[in-house]
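I have placed the structure first, in the form of structure tokens, so that the comments after it can refer back to it.
Any read-out appearing in this document is the output of simple, stated calculations on the displayed coordinates, not a laboratory observation. Worth saying up front: this structure is predicted, and the values here are computed from it rather than measured. Because the Cβ atoms are built from the backbone with ideal geometry, glycine has one as well, and the counts that use them run over all protein chains shown.
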């Protein structure tokens, strides 16, 4: 049972345009959400996170939106750059007291120059 | 540069061998994690150590044996592995407790393990 899903396995975007990566979850107890970027032969690199008490968090070119009623979060990258080409994972954690993180299946983003 | 260091980067071993994967961090993080990642799949949690004590074991087979000798080191001892255990093994760490509860995990680059 995949509690965190990324339904788009891949996405291609033109350089300079907006990239929107989506993530859906099923567990209403998740309270902290993260996005990671992964290049081949490297470990995941933390990008941005959001607590369930917020609906938006912004850091430079990266913005994460959380819609709790829809159990949906998205990552916006504006403007997209060729160096953003990587696999992006969303992850979620259940309520306090646990350090168990569930990862989505990943979306491969390709930014075309 | 990653702040979580994993060694070795690659490991090839037979099914009867005993080997260990090592992970080290010097960020003062008191939670450390082992994940397993197969190709085109998300990382799957195996173990979590909190303050050097095992707090989560995701029903991992006993042929994988974790060890946390101190707050900076995490080992994964391997014995009698199967070919299906071939994967990328990732270590991560994070701060814990109090107002640092919502803190991201920092990952190493992983050990790519191949079982012959």
Determine Rg/Rh for the stretch A:61-113; Rg is computed over alpha-carbon atoms and Rh is the Kirkwood hydrodynamic estimate from the same atoms.
-> 1.05
Label residue B:30 and residue B:51 with points 7 Å out from Cα along Cα→Cβ: what is the distance between them in nm?
-> 0.6 nm
Round to the nearest 0.05 the FRET efficiency obtained for residue A:45 and residue A:69 when R0 = 22 Å and r is the Cβ-Cβ distance.
-> 0.15
Once you have the alpha carbon radius of gyration of the stretch B:3-48, what is it after dividing by 2.2 N^0.38 Å, with N set to its residue count?
-> 1.35
Overall dimensions of chain A as given by Cα atoms, namely Rg and Dmax in Å | 13.5, 45
Would you work out the relative contact order for chain A, in percent, from Cα pairs under 8 angstrom that are 6 or more residues apart?
-> 37 percent
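Taking R0 as 35 Å, what FRET efficiency do you get between residue A:29 and residue B:16 from their Cβ-Cβ distance, rounded to the nearest 0.05?
0.25
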Sort largest first and round to whole Å: the equivalent ellipsoid semi-axes of the protein assembly as shown, each the square root of five times a Cα gyration tensor eigenvalue.
-> 30, 21, 16
For chain B, the Rg and Dmax computed from alpha carbons only, in angstrom | 13.7, 46
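Taking the highest mean first, how do the peptides A:33-41, B:28-36, A:63-71 order by number of other beta carbon atoms within 10 angstrom per residue?
The most tightly packed comes first, giving B:28-36, A:33-41, A:63-71.
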